[in-house]
Every structure is written in structure tokens, then in C-alpha cells.
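Chemist: Have a look at this one before I ask anything.
Here, each number is a calculation from the coordinates, and none is a lab measurement. Just so we're clear, the structure is a prediction, and the values are computed from it rather than from any experiment. Neighbour counts run over all protein chains shown; Cβ positions are idealised from the backbone, glycine included.
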Amino acid sequence: MYVNGRPITGPFIFLDELEYFSYARDIFQHADLSRHTQFGPLYPGVASLFFFLGDVDEQKDVGRFRDATRECGLEIAKPLCSYAVVFSDVNSDGWQDILVANDGQPANLFINDGHRHFSDEAVTRGFAYNADGKATASMGMTVEDFDGDGDMDVFRTTFDGEANSLFVNDGRGYFKDEAAKFGLAQTSIDKLGWACGFFDADNDGDLDLLVANGHVYPQGKQIGMSDWLMPTQLYEAVTSASSSISYRDITAEAGSGLMPLRSARGIAFADADDDGDIDAVVIDLDNKPRLLENRSARHGHWISVRARRTVRHFDVIGPESTDCIGAKVRVTAGRRTWVREMRTTQGLYSSHDPRLHFGLGNVELIDRVEVLWPSGKRSTVEHPKLDAALVVDEPEK
């Protein structure tokens, strides 16, 4: 096995999650965080951060990786069995933090201080454990502003016999697991969850939730656990008269695509047929993938936003337009504001449509779309077209 041109020897390892993010506020520096887990549930792996050096004053290291785990504050006291990794600005300070879901161990929340250094603050910020104060067997994780208050909340899937967790952000990057309050706990206790994702299934302006389930033991029922085959669950966001949100499991009424019982793992979200709503591809063990075409009745308008930047590869292949990972997009319409972060990987084992899809409900026009770039620049597009795809390029200055 070769990593960046160098041979790697030793026991085989399986890459659970690989993420790219904008590490610092310039267009040349990127990093990837890779968590490795050896085969089998009892063999935890190790964490590594490889930092791509691309500063103009570091030309000798252009195109090369080096292990910056220790100097970046990402060294851990003991090996962990990690699954999902998501980069998100959870405390709204303009810097991407790192969230890690661990199997049977406390989760990590590495807070970025803006100076190339992180500190694991998961315990003090209420992210390490579930509502009962216990570490869970977390695999999948998705980060979105599900309650529409402008900050990033976190949903984590768990093992058979454990409730899934919904960590609600207080706006300062401190969390409380409120899955039970929002209707996402009880219906998950007899499931084993993997990939997951918030998306607006019917363009009503609220984020629904899709969760892939499937046991790790084919003989699960025989040993006192749940079945090997499970439903992929769809939760509808229901808004009350007081504008509060709760979730209802509507899997049984959501169509033939969710009827088969499978042992599912990954989910990728995209508007696959470019018809203005989000579809999904579900990866099932020992079976063909399922392309779930969204035929839901629509309850509003939509817009998709693609944030792009120009990257210069040190004159090797010239400038290239690419998706701007880490950009924050705000859409304001009908006295509401929706916030999304630009990322293509979250959930688990999956990469998603780089176009950020916003269901808007029954609005008559969009007031504005704002993009906050990792560089600190801002872009604003006034009154973009409804029911259309918008591309916003980062300005040069």
C-alpha cells in the first residue's frame, strides 16, 4: 500500500473515514484526518493528521505530507475505534473544528483555536457522552442546523440496544443530547445505525432525517439481539403551531424504496435527476445499492448553492476551480434564514452532492444568499431565482 508515494507495510488496515477541510484561511493549505481501524471489533486503530504544506515560503515541501498530529494537538492518550469524522465550525468563531464518533468510547470534539492547534473539549462541551452520561457505540454522524437557529447540531447513530443521540448546540458550541425530546430516541433502540443525514425531503423548509440500519451479527436474533436485516428509517420533521420541531418515523408510509429489510451501511445524498429535490443512494451488505428516487409531494420552493474557489497548484497544472470546503452559506427568504456548511463527506462511508440544497417552503422570493468563505471574504447575491441552481465563486479580492 502506498500513501503519497511511500510504501506502507505491516498488517492491513481499513480506512473508516477520510475528510478534507480548509485548515487555515488561505487557498494552499489543506489537511486530511484519517482514522484507521483494524479488522474486527476489538482492534482499535490510531489517529493521524497529515498536513499538506503549500505555503509559498515552504516550497521544499510542496506536494508532500508530514504527520502533524502532535504539534496540532490531535494526539490521543490511547487508541480509539473511530468511525465518522466531520469538520464543522460548531462554536461559530470562523474556524473548522473536528468531530469524531467512536465505537464504545467517548466521542472527540477537537476545537480549533485558529492557530493550527486543536484541543479535545468533548467532555466539557457535553459531546463525549449521551443523555445518560454513557459512551455509546457511535458509527454514523451528521452535522446540520436542524432547528434553524443558526448553529450546527449533531446527530449520531449507535448500536443495538442504545438510543441514537441528537446533540443540540446552544450557539456557543456546547451540546445537550435531546434525542428523546425530539422523538429520535425510542424508535432507534432496537436498531443498529450507520450512515445518516438530514435533508429536506419535500421542500417545506424543515430538515427530515434518513438513517441506514443493519446488524453486524447475522445471527443477531438467535443470540438475543435484533435482526440482521433492518429498515432504513425516514423521519419527517413536523412543525407545531408554536414553530417547535419534532420527528415522526414515517418509514412504513414512505414508499417501496424503504420497504425492503436490509443490512445497510452507507447513504449518499444528491439531486440525482436534477429535478429540484434530494434523492439518496443506500449501500446494503450482500445486495445491490438502492437508488431512492424522491417522489414526495412538494410543499414549497427550493434553491441549490454551489460555492467554488480557484486553487492554484504551484504552477504545476495551472489554476483550477473547485468546491470550497468549509464555506458557510446562508439563505434568507420569507422571514427565515437557513444555514449550511459546504462539505461533501459526512454521515459514514459516503460522499455527497457538492450543491447545497435548501428547501424554502411557500416563499414568494429569496431575499439573499450569503457565502462566508474560509478566507474571511463574504459574497452576497440579492434576489436569486427560485427553483434554480446558483453557483457562487469566491472573489479574488
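Chemist: Which whole-number percent gives the relative contact order of region 168-270, counting Cα pairs below 8 Å spaced six or more residues apart?
Modeler: Reported as a whole number, the value is 25 percent.
Chemist: Loop-only GluC sites (Glu not before Pro) in region 289-397, please: DSSP not H, G, I, E or B, and at most 15 other Cβ atoms within 10 Å.
Modeler: Working: sites: E293, E320, E341, E364, E370, E382, E396; in loops: E293, E364, E396.
Passing sites in region 289-397 are E293, E364, E396.
Chemist: Hey, which lysines would be in cross-link range of K221, C-alpha to C-alpha under 16 Å, not counting anything within fewer than 8 residues on its own chain?
Modeler: Within the straight-line cut-off, K221 pairs with K191.
Chemist: Just tell me which lysines come within less than 30 Å, Cα to Cα, of K385; anything on the same chain fewer than 8 places away is out.
Modeler: Candidates past the 8-residue exclusion: K328, K377, K397.
Chemist: Over 10 Å intervals from 0, what percent of Cα-Cα pairs in region 93-218 sits in each interval?
Modeler: 13, 45, 32, 9, 0
Chemist: For V391 and R248, what does the FRET efficiency come to when R0 = 45 Å and r is the distance between their Cβ atoms, rounded to the nearest 0.05?
Modeler: The pair V391/R248 has a calculated efficiency of 0.80.
Chemist: With only alpha-carbon pairs counted, each pair once and no self-pairs, how large is the Kirkwood hydrodynamic radius of region 189-238 in angstroms?
Modeler: By the Kirkwood definition, the hydrodynamic radius is 12.0 Å.
Chemist: Quickly rank 329-335, 143-149, 99-105 as a protection proxy: mean count of other C-beta atoms within 10 Å, highest first.
Modeler: Ranking the peptides 329-335, 143-149, 99-105 by packing returns 99-105, 143-149, 329-335.
Chemist: Please list the non-local residues whose amide H lies under 5 Å from the amide H of D367, H modeled 1.01 Å from N, same-chain partners needing a gap of 5 or more.
Modeler: Residues meeting the criterion, in which the H sits 1.01 Å from N, are T332, A333, G334.
Chemist: Turning to a different aspect of this structure: Students often forget the sequence filter, so: which aspartates and glutamates lie under 18 Å Cα-Cα from K288 once same-chain residues fewer than 8 apart are removed?
Modeler: Cross-link targets: D279.
Chemist: Write down the Kirkwood hydrodynamic radius of region 276-372, to one decimal in angstroms, obtained as one divided by the mean of 1/r over all alpha carbon pairs.
Modeler: Mean inverse Cα-Cα distance, inverted, gives 15.9 Å.
Chemist: If the viscosity is 0.692 mPa s and the temperature 37 °C, what Stokes-Einstein diffusion coefficient in µm²/s follows for region 72-126 when Rh is the Kirkwood radius over Cα pairs?
Modeler: 285 µm²/s
Chemist: For a quick check: with amide H placed at 1.01 Å from N, whose amide H comes under 5 Å from T69's, ignoring anything fewer than 5 positions away on the same chain?
Modeler: When sequence neighbours closer than 5 places are left aside, the close amide H contacts are L49.
Chemist: State the percent of C-alpha pairs, over all pairs in region 198-284, separated by a distance greater than 18 angstrom.
Modeler: Beyond 18 Å sits 52 percent of the P(r) for region 198-284.
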